1. Being closer than 30 Å to R96 by Cβ, touching a helix residue (DSSP H, G or I) at 6+ places or on another chain (Cβ under 6 Å) and either surrounded by fewer than 17 Cβ atoms within 10 Å (Cβ to Cβ) or of a type outside the set (D, E) (or both) is true for just one of P166, P162. Which residue is that?
2. Tell me the strands (runs of 3 or more DSSP E) entirely within region 3-109 that contain at least 2 residues that are exposed (fewer than 14 other Cβ atoms within 10 Å of the Cβ) and touching a Phe, Trp or Tyr at 6+ places or on another chain (Cβ under 7 Å).
3. Return the residues of region 147-182 that are over 32 Å from the mean Cα position of the chain (by Cα), modelled with pLDDT of 85 or more and not polar (S, T, N, Q); say none if nothing qualifies.
4. I'd like the residue in region 179-206 that is more than 23 Å from Y120 (Cα to Cα) and part of a strand (DSSP E or B) and, out of all such residues, is least open to solvent (accessible area, probe 1.4 Å).
5. Going by what's in this entry, would G186 be described as more than 20 Å from the chain's Cα centre (by Cα), within 17 Å of G115 (Cα to Cα) and modelled with pLDDT of 90 or more?
6. Name every residue in region 118-146 that is without any contact (Cβ under 8 Å) to a residue 60 or more places away in the chain and over 14 Å from the mean Cα position of the chain (by Cα), in order of residue number.
Amino acid sequence: FSGNFGARYVKTSQTSSGIAIVNNVQKPSTVSRDYSDVLPSMNLVAEITPDFLVRFGAAKVMSRPALGNLSPGVTVSVSGSARTVSAGNPLLSPIRADTADLGFEWYFDEGAMLGLGLFYKNIKSFIQNTRENMIYADSGLPVELLAGTTAVATDEFVFTVPINTPGGKLSGFEANYTQPFTFLPGAFSNFGMQLNYTYVDSKIQYLLSSGALAQKEDLTGLSKSSWNATLFY
């Protein structure tokens, strides 16, 4: 039986600059903020037999927002019939989660392994882009931002702003199989294969552009099932 545990203290100092709109006037804006996180973690391994291991890990984790989401300014884009306004949010908090993993590994032959891993994440804070269709003139943004484009103030634009949401739960499992072909004759014995299958289920709370609770849906961009197969030499 073995393991380790510890903690990281992370302090983030952030300064974002851009062009803000105040009373329909463009003004340079700079927003600064600090935040900190204490991130404990632990990893334990139980050697049930010399070739069968049980692993358990738990941790608090965080991932900072993408830099492009932190600007206090706005970007107006007109391309063909597509009309969009993207605004940043310098007050975004990072994605934070509590995680736990339980793994079973059977090394049944030299270089061979059969494994099953269970994982769970309680996402405390998530980042979502809200989208709202709005007539440009109703947004309060100055018409001067449309200079040089083919759009007019009466056109409808898609407004996108990143916000923090309450997050949600994510869980699943991963199966792994590694097998060298040492039982084959000659050069074929140097080949081998790796197989992997992963299943993920999630329910994330999303928000409307007003900040009101919307539906609970899968994590953005989630593939519930994925697999891969590798032949190696």
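The values are calculated or read from the model by the stated rules, or taken from the named source; none is laboratory data. Because the structure is a prediction, the values reported are computed rather than measured. As a convention, Cβ positions derive from the backbone with ideal geometry for all residues, glycine included, and neighbour counts pool all protein chains shown. Side chains included, ligands, DNA and RNA excluded: accessible areas come from the protein's heavy atoms. Shrake-Rupley method; radii C 1.70, N 1.55, O 1.52, S 1.80 Å.
1. On the way: P166 fails: touching a helix residue (DSSP H, G or I) at 6+ places or on another chain (Cβ under 6 Å).
Being closer than 30 Å to R96 by Cβ, touching a helix residue (DSSP H, G or I) at 6+ places or on another chain (Cβ under 6 Å) and either surrounded by fewer than 17 Cβ atoms within 10 Å (Cβ to Cβ) or of a type outside the set (D, E) (or both) holds for just one of P166, P162, which is P162.
2. Working: elements: 25-49, 52-63, 74-79, 82-87, 95-109.
Ranges flagged: 25-49.
3. Of everything in region 147-182, those that are over 32 Å from the mean Cα position of the chain (by Cα), modelled with pLDDT of 85 or more and not polar (S, T, N, Q) turn out to be A151, V152, A153, D155, P180, F181.
4. Restricting attention to region 179-206, the residues satisfying the condition of being more than 23 Å from Y120 (Cα to Cα) are 179-194.
The next check asks that each one be part of a strand (DSSP E or B); those that pass are 179-180, 192-194.
Details: Q179: 20, P180: 20, G192: 0, M193: 54, Q194: 82 Å².
By that ranking, first place goes to G192.
5. Details: more than 20 Å from the chain's Cα centre (by Cα): yes; within 17 Å of G115 (Cα to Cα): no; modelled with pLDDT of 90 or more: yes.
Judged against the criteria, G186 is not a match.
6. If the condition is that a residue be without any contact (Cβ under 8 Å) to a residue 60 or more places away in the chain and over 14 Å from the mean Cα position of the chain (by Cα), then L118, F119, Y120, N133, M134, I135, Y136, A137, D138, S139, V143 are the ones that fit.
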